[in-house]
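For reference, the structure discussed in these notes is given below.
The values are calculated or read from the model by the stated rules, or taken from the named source; none is laboratory data. As the structure is a prediction and not an experimental result, all values here were calculated from the model. So basically every Cβ, Gly included, is an ideal-geometry build from the backbone, and we count neighbours across all protein chains shown.
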Amino acid sequence: MIGKSRLFSRSLCILAIVGICTMAVGTVSVIGDNRTKEGKALKPRVVADLFHAVVSANRAVYSQVVVNRLMLHDKVIKASEHFLEEKALPLPAQMFRLGAELAAEKNRKVFYSLHSYWPLNKLNAPGSEMEKNGLAFVTVKDQNFYGEEVIDGIKYFIAVYPDRATDQSCVQCHNNHKDSPRRNFRLGEVMGGVVIRIPFGE
């Protein structure tokens, strides 16, 4: 019991730290025009890398400390895509999407999403040509992809980061889901990409 209590306390501390970091990066990317207090503009790639580090850490903590622990280890509650109806935990990808949607409602400076060539939800398929190019690159090269694109007359910096299967629960879900277009994912394999889009320039 003591070990679980300590683990739970540590988990809460990690979540609190990640939350603070999220607010900090959000402040950097939203206030003014991405300038530091010395007046130097932060490069879009730097902002994207910082933002990705935070949202990825947030997702990893939820997946490992909440979903894996409660569903696979302690077996007290399951995670389900129908979490509201089944009184279950949201899947890590759903939690990621819910956070992205809320962030988009609060500011229009940074947009992030999770995409794949083999999505369970068709809304997570790549949209623009740049997203398709980025996903193809990270899937083959397992490296970050950076580019620029124009959408509705607005110039965006776009970054795509490899999204790997870091947890067994993710692999099991995608391989066993009835709507999955692919069923042979392995632990550590690139399953898709985290897409971050930042408006810049005129």
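General observations
- Candidate set: region 183-202, residues that are outside any strand (DSSP E or B) and not hydrophobic (A, V, I, L, M, F, W, C); chosen: the one modelled with the lowest pLDDT: 202
- Checking 58, 34 one by one, the residue that is closer than 27 Å to residue 157 by Cβ, touching a helix residue (DSSP H, G or I) at 6+ places or on another chain (Cβ under 8 Å), polar (S, T, N, Q) and at pLDDT 90 or above is 58 and no other.
- Hey, residue 180 more than 16 Å from the chain's Cα centre (by Cα), hydroxyl-bearing (Ser, Thr, Tyr) and outside any helix (DSSP H, G or I) or not: yes
- Region 99-114 - residue that is touching a Ser or Thr at 6+ places or on another chain (Cβ under 6 Å) and outside any helix (DSSP H, G or I) and, of those, surrounded by the most Cβ atoms within 10 Å (Cβ to Cβ): 110
- Residues of region 138-169 that turn out to be among the hydrophobic types (A, V, I, L, M, F, W, C), assigned to a helix (DSSP H, G or I) and closer than 14 Å to residue 194 by Cβ, as a count: 1
- Restricting attention to region 70-98, the residues that are among the hydrophobic types (A, V, I, L, M, F, W, C), free of Cβ contacts under 8 Å to residues at least 60 places away in the same chain and in a loop (DSSP other than H, G, I, E, B) add up to 3.
- Of all residues in region 157-176, those satisfying the criterion of being touching a Phe, Trp or Tyr at 6+ places or on another chain (Cβ under 7 Å) and crowded, with 17+ Cβ neighbours inside 10 Å are 157, 159, 160, 165, 171, 174.
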